[in-house]
Amino acid sequence: MNEPPRIDDRERALVERDAYDEAAFARALERYPSLLELIDSGRVLMPSFPSLTQDLFCLFFKYTLRRLEPTADLEVSNRVLDWVISSSGFERLNAETTLDEDRSALAAELIGARWLETLRDPSLFSKNELLQQFELDQLEEQKREVDEQLESAAEIATALEDQGEPHTPGLDEATDGLREEQASLKDAIDALLDEQGDVVENLPARVESDLRHLVDTLPEQLDAAEELVEGFDTLFGLAEETTSSKTKMQLGRRLMESQKLLDLFRLAGQLKEHALSRKRRKLESSNTELHSIRRSGSLSTLLPSELLLLRHPLLRLDFKRRFVENTLQHYELQGEDRLAKGPVVVCIDASGSMQGPKEIWAKAVALTFMELCRIRRRAFRAIVFSGRPQDTRRFDLLEQRRNSLATASVEHEELWAFVNYFPRGGTQFEHPIDVAIESLGERPFRRADIILITDGDAFLDEKWLQRTRAKKAAMGFELHAVLIDTGSHRTSTLEPLADSISSIKSLASDALGELFEKT
């Protein structure tokens with residue numbers, strides 16, 4: 001990662017800041033890579049973009065604001081700050097972000113991103129006008145150097161006068177030359193400022209109004225971001241560090257910016273509730289009785305004598321060991337659901353024919369299986385594929401917790417990568433299913449079943465099909481298919497391969513619910 005940008009020259013700042021403010025901004029850059037990426041993208045088009053971003057952060061973060069006089073090269077940045085501060089919603093926004101590093105960082109990033117869009121619009125800023133900003137930046141830097149040299153010359157002249165010594169001819173000539181250079185630079189800067197001023201003045205009114213509207217609506221967006229994160233955490237049980245205050249805003253922004261993610265997670269939430277409510281109804285209506293005592297890792301019907309072991313430190317370790325090995329003693333109830341509930345490896349078709357609503361359905365079904373596995377402390381792996389072997393990608397979405405009774409958390413970065421990965425192209429089942437079968441050789445996925453989620457638009461090689469059937473018989477796993485039949489689809493491809501075929505349209509009749517119960 002690049003070093004976080006700093007403003008060593010305080011004269012480039014437009015909002016007064018101290019060491020504490022700069023430390024807070026540095027922490028925000030470490031926590032929010034997207035903010036650093038924004039700065040790196042913006043500095044290519046506008047040399048003062050890094051300082052503008054830090055000014056925006058301080059504008060929202062500081063309890064007491066004090067604006068500073070801008071140098072010539074910061075006039076455009078100063079105009080942006082004017083628009084932000086004069087917005088009707090600024091005071092409300094400032095009240096919600098003051099001394100809050102995370103909210104201040106997100107507000108600065110959102111406003112900075114909007115201004116970067118403006119800079120990238122060729123109808124608003126031409127290439128020549130952008131280059132003028134760099135030229136102005138260089139001229140202003142040269143003028144600062146000349147000003148410093150003139151100050152040094154003046155100090156030398158004063159020292160000589162105090163000592164009663166005359167000025168040297170070289171000193172007077174150098175001073176005169178510096179003054180001429182200073183005047184020349186000032187004229188060049190003024191000429192460029194006039195052109196830059198015309199550019200800003202000639203910007204369409206919508207540029208200013210859009211920025212003001214963003215500021216006015218940011219308080220609602222920040223609140224919505226937190227609500228989305230809370231709902232997301234409820235749905236997927238994210239890791240504690242994911243939903244801590246330092247990353248909550250970044251997660252919320254991801255959800256706010258992608259309608260696809262919102263649609264996907266809302267659908268996954270509905271499917272999860274459908275699966276769990278079906279299970280609750282079945283348990284409520286089932287008549288069970290004590291049948292025998294068996295060994296497994298089930299906690300819901302654990303013998304009381306096993307629970308007593310948790311009171312002793314040494315026996316507690318033995319309890320955990322036997323839990324991992326599935327050798328704890330528990331009641332077996334006759335009449336309960338006897339379907340196998342083991343690990344799951346899901347293969348998701350991400351070919352071109354699955355683009356759009358089909359992808360949303362497929363990944364929502366996959367995430368439902370993931371959540372059921374998380375709740376029941378079972379391993380889960382997703383394999384996304386299309387037509388080429390190199391496009392096949394594995395995603396281990398659940399945090400691996402060895403020797404722990406706690407429910408696993410979702411690896412959120414892996415989850416983002418999963419929902420956004422869509423290679424398109426053709427469809428080929430052979431390679432991803434072979435990868436899934438290889439996964440069954442790994443300890444967490446022993447006795448797992450494979451679930452194929454697809455629209456069925458593919459062809460199967462007969463020899464490969466025979467080999468796969470032989471592996472199923474030898475290894476004892478099952479392969480179930482979920483047909484995404486919301487558009488064009490084919491069932492005939494899946495019939496010789498799958499042990500069962502469920503479809504999205506049959507969800508109302510609980511065909512897919514039965515498959516959820518096997519998880």
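The values are calculated or read from the model by the stated rules, or taken from the named source; none is laboratory data. Since this is a predicted model, take the numbers as computed values, not measurements. FYI the Cβ positions are ideal-geometry reconstructions off the backbone, even for glycines, and counts take in every protein chain you see.
Could you identify the single residue in S488, S502 that is outside any loop (DSSP other than H, G, I, E, B), under 21 Å from A364 (Cβ atoms) and either touching an Asp or Glu at 6+ places or on another chain (Cβ under 9 Å) or not aromatic (F, W, Y) (or both)?
The match here is S502.
Across segment 25-56, what is the number of residues that are farther than 15 Å from A105 by Cα and not in a helix (DSSP H, G or I)?
5
How many residues, within segment 78-99, are hydrophobic (A, V, I, L, M, F, W, C) and part of a loop (DSSP other than H, G, I, E, B)?
Selection size over segment 78-99: 1.
Only residues that are under 25 Å from the mean Cα position of the chain (by Cα) and of a type in the set (G, A, S): list them for segment 19-50, please.
Within segment 19-50, A23, A24, A26, A28, S34, S41, G42 qualify.
Can you tell me which of R467, R394 is surrounded by fewer than 21 Cβ atoms within 10 Å (Cβ to Cβ) and in a strand (DSSP E or B)?
R394
Quick one: would you say A205 is surrounded by fewer than 16 Cβ atoms within 10 Å (Cβ to Cβ), farther than 30 Å from R114 by Cα, at pLDDT 70 or above and among the aliphatic types (A, V, I, L, M)?
No, not satisfied.
Does at least one position in segment 427-447 carry a residue that is in a helix (DSSP H, G or I), in contact with a Ser or Thr (Cβ under 7 Å, 6 or more places away or on another chain), in contact (Cβ under 8 Å) with a residue 60 or more places away in the chain and farther than 18 Å from T392 by Cβ?
No, segment 427-447 contains no residue that is in a helix (DSSP H, G or I), in contact with a Ser or Thr (Cβ under 7 Å, 6 or more places away or on another chain), in contact (Cβ under 8 Å) with a residue 60 or more places away in the chain and farther than 18 Å from T392 by Cβ.
Does P70 meet the test of being in contact with a Lys or Arg (Cβ under 8 Å, 6 or more places away or on another chain), in contact (Cβ under 8 Å) with a residue 24 or more places away in the chain and surrounded by fewer than 23 Cβ atoms within 10 Å (Cβ to Cβ)?
So P70 fails the test.
Of the residues in segment 448-471, how many are touching a residue at least 24 places away in the same chain (Cβ under 8 Å) and charged (D, E, K, R)?
Going through segment 448-471 one residue at a time, the tally reaches 5.
Taking interchain pairs and intrachain pairs at least six residues apart, which have beta carbon atoms under 7 angstrom, with the first residue in segment 259-275 and more than 14 Å from V410 (Cβ to Cβ) and the second among the polar types (S, T, N, Q) and modelled with pLDDT of 70 or more?
Hits for this filter: L271/T368; A275/T368.
Taking segment 316-364, which residues are modelled with pLDDT of 90 or more, touching a Phe, Trp or Tyr at 6+ places or on another chain (Cβ under 9 Å) and part of a helix (DSSP H, G or I)?
M354, E359, K363
Quick check on L372: is it closer than 27 Å to I504 by Cα, in contact (Cβ under 8 Å) with a residue 60 or more places away in the chain, surrounded by 21 or more Cβ atoms within 10 Å (Cβ to Cβ) and of a type in the set (A, V, I, L, M)?
Against the criterion (closer than 27 Å to I504 by Cα, in contact (Cβ under 8 Å) with a residue 60 or more places away in the chain, surrounded by 21 or more Cβ atoms within 10 Å (Cβ to Cβ) and of a type in the set (A, V, I, L, M)), L372 qualifies.
Identify all residues within segment 58-74 that are in a helix (DSSP H, G or I) and either touching a strand residue (DSSP E or B) at 6+ places or on another chain (Cβ under 9 Å) or at pLDDT below 80 (or both); write none if there are none.
C58, L59, A72, D73, L74
Has segment 416-435 got any residue that is of a type in the set (S, T, N, Q) and over 21 Å from the mean Cα position of the chain (by Cα)?
Yes; the residues of segment 416-435 include at least one that is of a type in the set (S, T, N, Q) and over 21 Å from the mean Cα position of the chain (by Cα).
This table checks each residue for (1) surrounded by fewer than 17 Cβ atoms within 10 Å (Cβ to Cβ); (2) among the small types (G, A, S).
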position	(1), (2)
W83	no, no
N94	no, no
E109	no, no
G112	no, yes
D121	yes, no
K127	yes, no
L131	yes, no
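Let me confirm something: among S488, S502, S439, which residue is polar (S, T, N, Q) and exposed (fewer than 15 other Cβ atoms within 10 Å of the Cβ)?
Within the list S488, S502, S439, the selection yields S488.
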